[in-house]
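See structure below.
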């Protein structure tokens with residue numbers, strides 16, 4: 001069967017072959033294959049079950065379907081975050097499908113005789129082993145991403161190391177190997193328990209926060225819309241904030257890392273927006289665009305925030321910060337450190353949504369000290385994605401005006417009594 005028709009057009013077969021080839025070349029696919037192999041080797045060695053069909057079957061399943069399983073866990077956590085806006089709920093949303101998976105794996109291996117009964121009993125049995133493995137997995141993966149956010153290692157490699165350590169500890173711990181069993185228990189209940197304790201403490205701070213201080217509002221603001229304005233008003237009123245510091249992302253960390261690796265590129269400019277697209281190097285198992293693939297340049301987003309805030313009469317209550325060198329080198333952790341330096345001893349609050357970006361901001365702030373979260377459960381119909389696609393009535397008048405001028409690609413953009421030079425969507429104030 002030919003992969004290309006006689007008219008030179010691509011056939012379904014060629015598309016399927018191309019997709020399969022990209023899947024095989026995917027770093028996530030290779031990671032899954034490595035984890036499946038490591039799972040087999042570690043359990044086979046620790047439990048002397050090299051030829052056990054149950055272990056072989058489980059290891060092959062893990063090697064083939066780990067990326068899909070990871071996506072399911074991510075979706076479960078995202079759903080819980082959007083429903084409740086509490087860190088603990090999100091982590092439980094990820095925990096339950098992982099626990100169910102690990103419980104099934106241990107039950108199958110126990111039923112198939114792949115595990116030493118006395119070793120499994122030494123950690124409390126099948127359910128206990130699944131519980132400890134799940135807690136340890138969440139703890140080690142979180143630690144890997146925590147280090148990556150601080151410039152240590154690579155996100156995928158850090159997570160792989162965490163998963164590998166957890167696999168080895170689980171295999172030898174459930175075999176009752178002295179030292180490994182204790183390390184398995186400590187890692188699970190210690191590191192995993194600590195992860196949930198930190199999240200629970202964050203949730204307590206979010207509902208028992210004192211009033212007064214400075215609010216931190218971080219995000220892409222792509223573009224700044226009416227819900228953002230409403231959030232600022234409500235936070236000032238409900239938390240009694242002296243002011244709110246808004247800092248837009250420059251290039252989101254996931255995109256900056258992917259651009260550096262050649263997995264993403266800016267394909268074209270459309271209505272002032274930079275359109276990102278994946279390259280042949282992209283990992284087909286990774287969602288590079290959880291917030292969409294259309295981005296206004298950071299300078300333009302900053303200008304839109306300033307214009308919208310001024311038009312709403314909140315200029316005296318809102319500071320639009322822009323620390324590109326700090327953000328590029330240290331991310332929002334560096335921005336928070338800069339705010340603390342400029343406002344020593346002042347109580348800080350973080351305003352965040354419950355989508356993946358908002359909860360990431362919440363996590364970053366939780367890691368940067370005693371900051372009080374203020375979560376926003378989005379229940380309105382305003383959507384930045386819809387705005388980028390041309391929807392009207394969701395932004396303030398001045399933002400709507402600027403977006404229209406960008407669509408026309410005017411060389412000079414004027415709004416709110418200010419004048420900007422338009423250089424391929426990048427707004428720079430002045431002639």
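The values are calculated or read from the model by the stated rules, or taken from the named source; none is laboratory data. None of these values were measured; they are calculated from a predicted model. Quick reminder, even Gly has a Cβ in these numbers, built from the backbone with ideal geometry, and neighbours come from all protein chains shown.
Odds and ends about this structure:
- Some residue of region 21-30 being outside any helix (DSSP H, G or I), farther than 22 Å from residue 142 by Cα, outside the structural domain of residue 376 (by TED's automatic domain parsing) and within 29 Å of the chain's Cα centre (by Cα): yes
- Residue in region 330-338 that is more than 21 Å from residue 308 (Cβ to Cβ) and either assigned by TED's automatic domain parsing to the domain that holds residue 75 or exposed (fewer than 13 other Cβ atoms within 10 Å of the Cβ) (or both) present: no
- Test: residue in region 351-364 that is over 21 Å from residue 79 (Cα atoms), touching a helix residue (DSSP H, G or I) at 6+ places or on another chain (Cβ under 7 Å), touching a residue at least 40 places away in the same chain (Cβ under 8 Å) and not in a loop (DSSP other than H, G, I, E, B): no
- Each residue in region 123-142 was checked for being in contact with a helix residue (DSSP H, G or I) (Cβ under 6 Å, 6 or more places away or on another chain) and closer than 21 Å to residue 73 by Cα, and 13 pass.
- Qualifying residues in region 218-241 (those that are in a loop (DSSP other than H, G, I, E, B) and in contact with a helix residue (DSSP H, G or I) (Cβ under 9 Å, 6 or more places away or on another chain)) - the one surrounded by the fewest Cβ atoms within 10 Å (Cβ to Cβ): 220
- Test set (1) within 16 Å of residue 269 (Cβ to Cβ); (2) surrounded by 15 or more Cβ atoms within 10 Å (Cβ to Cβ); (3) within 32 Å of the chain's Cα centre (by Cα) - residue 366 fails condition number: (1)
- So residue 62, is it at pLDDT 95 or above, closer than 21 Å to residue 160 by Cβ and assigned by TED's automatic domain parsing to the domain that holds residue 141: no
- Qualifying position, being assigned by TED's automatic domain parsing to the domain that holds residue 314, in contact with a strand residue (DSSP E or B) (Cβ under 6 Å, 6 or more places away or on another chain) and touching a residue at least 40 places away in the same chain (Cβ under 8 Å), among 239, 233, 253: 239
- Extreme residue, farthest from residue 272 (Cα to Cα), among residues of region 391-427 that are part of a loop (DSSP other than H, G, I, E, B) and without any contact (Cβ under 8 Å) to a residue 40 or more places away in the chain: 417
- Among the numbered conditions (1) in contact (Cβ under 8 Å) with a residue 12 or more places away in the chain; (2) under 18 Å from the mean Cα position of the chain (by Cα); (3) surrounded by fewer than 17 Cβ atoms within 10 Å (Cβ to Cβ), the only one that residue 152 does not meet is (1).
- Flag if residue 91 is modelled with pLDDT under 90 and assigned to a helix (DSSP H, G or I): no
- Test: residue in region 294-312 that is at pLDDT 95 or above, surrounded by fewer than 20 Cβ atoms within 10 Å (Cβ to Cβ) and part of a loop (DSSP other than H, G, I, E, B): yes
- Top-ranked residue in region 367-384 [being part of a loop (DSSP other than H, G, I, E, B) and in contact (Cβ under 8 Å) with a residue 40 or more places away in the chain; ranked as farthest from residue 275 (Cα to Cα)]: 370
One line per residue, one yes/no per condition, for (1) farther than 23 Å from residue 403 by Cβ; (2) touching a helix residue (DSSP H, G or I) at 6+ places or on another chain (Cβ under 7 Å):
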site	(1), (2)
266	no, no
283	yes, yes
287	yes, no
314	no, yes
323	yes, yes
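- Which numbered condition residue 195 misses (of (1) in the same structural domain as residue 39 (by TED's automatic domain parsing); (2) crowded, with 20+ Cβ neighbours inside 10 Å; (3) not in a helix (DSSP H, G or I)): (3)
- Which numbered condition residue 387 misses (of (1) part of a strand (DSSP E or B); (2) within 23 Å of the chain's Cα centre (by Cα)): (1)
- Only a single item in (1) in a helix (DSSP H, G or I); (2) in contact (Cβ under 8 Å) with a residue 12 or more places away in the chain; (3) farther than 23 Å from residue 137 by Cβ; (4) out of contact with any strand residue (DSSP E or B) (no Cβ under 8 Å at 6 or more places or on another chain) is not met by residue 205, and it is number (4).
- Number of positions in region 257-289 that are without any contact (Cβ under 8 Å) to a residue 24 or more places away in the chain and either outside the structural domain of residue 304 (by TED's automatic domain parsing) or assigned to a helix (DSSP H, G or I) (or both): 3
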